[in-house]
Structures are given as C-alpha cells and as structure tokens.
Amino acid sequence: MSDSFLLTIFTSLWLGILTSLSPCPLTTNIAAMTFISKRIVNIKNIFIAGISYTTGRMLSYTSLAIIIIASILSIEVISNFFQTYMNKILGPILIFAGMFLLDLITFNIGGITDNERIQKLAEKNNYIGALILGVVFSLSFCPVSAALFFGSLIPLSIKYKSMFIYPSVYGVGTALPVFLIAILISLGAKHVGNVFEKLTAMERWVRKATGIIFIIVGIYYSITFIFKIHIL
C-alpha cells in the first residue's frame, strides 16, 4: 500500500470521527441513545440497540457518499471535468471547509427529522427503531458536519475515484464515538455527562486544529495547482 493511500484512509477515518464529535451530532447521538436506553431494561439489549443505531448512522453516511460519488463519476463530462481540475478545485474547497471549522464562516441548515414520528418508530421495535434513528439523524446535517462531509470527504473520494473504500472508512469513523456512548450508557448513565463534557472540550480544539490543517493544505494546493508555484 502506498503512503498516500494510507494517509487518505486515515484522513477519511478522522473526518468521520470529527463529524460525530461535532456539537450538533454529538448532542443528537447522546439524546438518541438515552431515549433508546429508557425503552430497554436489559444492559445487553441496550448495547445491541446501540450497535443498531451506530450501524444506521454508518450505513446512511456511507450510502449517501457512494450515491453522490458514483453519480458524479458515471457522468463522463463531469467526471472528465473533475479529473482535469480536481487539484485546482480542492485547494479552495479545503480552505472554505477549514474556515467553517474555525467558525470564520457560518450558515444554517434546517433539520429534516420529525422527532415524534421517529420516536414512535423507535418505541415499536427497539432494534429496528434504533437503526432508523441512526439513519435519519445522520441526515440532519449541521454546518460543521456538512462542511466535513460535502466539503472534504466527497472531494477527496472523487479525487482518488473511491466510491466505496473512503466513504466506508468515513462511516466507520462516524460510528466510533457513538459506539463509545452506547457502551457508557449500557454501563450506567452517570458516566455519560462527564464524557460528554470532555468530548465537547476536546472537539473544540480538535476541530480548530483540523481547520488550520485544512487551510494550510488548501493554500498549498492553490499555490501549486492554480498559481503553478512549486514550494516543495
């Protein structure tokens, strides 16, 4: 395996983890898992429901990415355009994504969930309901998660023509923090509050660091491929 492949795999995983740690998804994940756990008494079943919820999120992100990337690459004109200009486009995209992560640019995205309807589905069948919660809540993009998904993962996957590997690794990354939350809730809800505070504090610094890296890499790509100045 080449170093660039391993680096892109790590980047995809990291983007997924950061997406799940973002304030909006993190709060939603904890709320969803807390709701699920209230409907189940057995600790083992809480853990299984957590896996179902996690699987729903992972499948949703992965499927959406695959559909978008496959659609773009299947259209010859668009595919040729990205093959020719992807390096030039990637620089500004990374800069803008980094600016979103640093809160230098903000925008609002409305949610698409009907909470009452989704909760009723979850109440009817614990595992299938948890899976549905994961699928639907993952599609309620907030600005940070949208910037990471549409502004980073999708261009990265298009650049390397990866319709499955990188989106799948990203999906696994989004599942890891949720999986941790499911374990904590199954062990005892009292642990969740402390971990939530630590994750929130960590997320701020991690997001800012990632934003700075995105901007630096974006500037490098812009200088190299747009202005044709080779600094390395």
Quick check on my filter: what residues within the stretch 138-150 are part of a helix (DSSP H, G or I) and surrounded by fewer than 21 Cβ atoms within 10 Å (Cβ to Cβ)? PRO143, ALA146, PHE150
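Between PHE141, PHE196, which is more than 13 Å from the chain's Cα centre (by Cα) and at pLDDT below 80? Before you say what the answer is, go through the steps one by one.
Values: PHE141 fails: more than 13 Å from the chain's Cα centre (by Cα).
None of the other options fit; the residue is PHE196.
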Within the stretch 34-93, considering residues that are open to solvent by 70 Å² or more (accessible area, probe 1.4 Å), of a type in the set (Val, Ile, Thr) and at pLDDT 80 or above, the one farthest from ILE229 (Cα to Cα): ILE67
Please pick out the residue among ILE30, ILE67, ILE51, ILE72 that is under 22 Å from the mean Cα position of the chain (by Cα), closer than 21 Å to THR200 by Cα and not aromatic (Phe, Trp, Tyr). ILE30
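Table: residues versus (1) touching a Pro at 6+ places or on another chain (Cβ under 9 Å); (2) open to solvent by 10 Å² or more (accessible area, probe 1.4 Å); (3) at pLDDT below 80.
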{"site": "GLN119", "(1), (2), (3)": "no, yes, yes"}
{"site": "ALA122", "(1), (2), (3)": "no, no, yes"}
{"site": "VAL136", "(1), (2), (3)": "no, yes, no"}
{"site": "LEU156", "(1), (2), (3)": "no, yes, no"}
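Within the stretch 40-57, identify whether any single residue is among the charged types (D, E, K, R) and out of contact with any helix residue (DSSP H, G or I) (no Cβ under 9 Å at 6 or more places or on another chain), and answer yes or no.
To start, the set of residues in the stretch 40-57 that are among the charged types (D, E, K, R) comprises 44, 57.
In the following step, the residues that additionally are out of contact with any helix residue (DSSP H, G or I) (no Cβ under 9 Å at 6 or more places or on another chain) were identified as none.
Looking through the stretch 40-57, none of the residues is among the charged types (D, E, K, R) and out of contact with any helix residue (DSSP H, G or I) (no Cβ under 9 Å at 6 or more places or on another chain).
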Would you point out the residue of the stretch 158-174, among those that are of a type outside the set (Lys, Arg) and not in a helix (DSSP H, G or I), that is least open to solvent (accessible area, probe 1.4 Å)? SER162
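The values are calculated or read from the model by the stated rules, or taken from the named source; none is laboratory data. Please read all numbers here as calculations on a predicted model, not as lab measurements. Positions of Cβ are generated from backbone atoms using ideal geometry, with glycine treated the same way; all protein chains shown enter the neighbour counts. Heads up: the accessible areas ignore ligands, DNA and RNA and are worked out on the full protein's heavy atoms, side chains in. Shrake-Rupley method; radii C 1.70, N 1.55, O 1.52, S 1.80 Å.
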